[in-house]
Amino acid sequence: MAAEDLPREPAPPAARPQSTARALLRLARPKQWLKNVLVVAAPGAAGVLGQPKALFQTAIAFVCFCLAASGTYYRNDAIDAEAEFVGVRTSEVRID
């Protein structure tokens, strides 16, 4: 029996295109932002979260931590993608 005679497996369904915003949000790893809730621990323990200024500052700190973490993930993904493009394994990439 020739290879042409064998039944072919159906092609996998085409991936649904993602919007750029959705793809960037996915790359930001929002599930990891839960760790940043620890920023609320100190003001919460001090009992100052009822004060508008402290609540605002805590929210700003939370957002800053999330942005810093996501920026790190973006950078790491860019370095990995560049290394994969040139054929270097990630484990071989030297960090200076």
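Summary of computed values
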quantity: Residue within region 54-63 that is modelled with pLDDT of 95 or more and either exposed (fewer than 11 other Cβ atoms within 10 Å of the Cβ) or among the acidic types (Asp, Glu) (or both) present; calculated: yes
quantity: Hey, Val88 surrounded by 13 or more Cβ atoms within 10 Å (Cβ to Cβ), more than 27 Å from Leu34 (Cα to Cα) and either modelled with pLDDT of 70 or more or of a type outside the set (Phe, Trp, Tyr) (or both) or not; calculated: yes
quantity: Residue check, Pro10 at pLDDT below 85 and either of a type outside the set (D, E, K, R) or not in a helix (DSSP H, G or I) (or both); calculated: yes
quantity: In region 18-32, the residues that are surrounded by 11 or more Cβ atoms within 10 Å (Cβ to Cβ) and more than 14 Å from Tyr74 (Cβ to Cβ); calculated: Gln18
quantity: Residues of region 33-48 that turn out to be exposed (fewer than 13 other Cβ atoms within 10 Å of the Cβ) and either outside any helix (DSSP H, G or I) or under 15 Å from the mean Cα position of the chain (by Cα) (or both), as a count; calculated: 3
quantity: Given (1) surrounded by 13 or more Cβ atoms within 10 Å (Cβ to Cβ); (2) modelled with pLDDT under 95, index of the condition Gly71 fails; calculated: (1)
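The values are calculated or read from the model by the stated rules, or taken from the named source; none is laboratory data. Given the structure is predicted, the values throughout are model-derived calculations rather than measurements. Ideal geometry is used to build each Cβ from the backbone, glycine not excepted, and the neighbour counts take in all protein chains shown.
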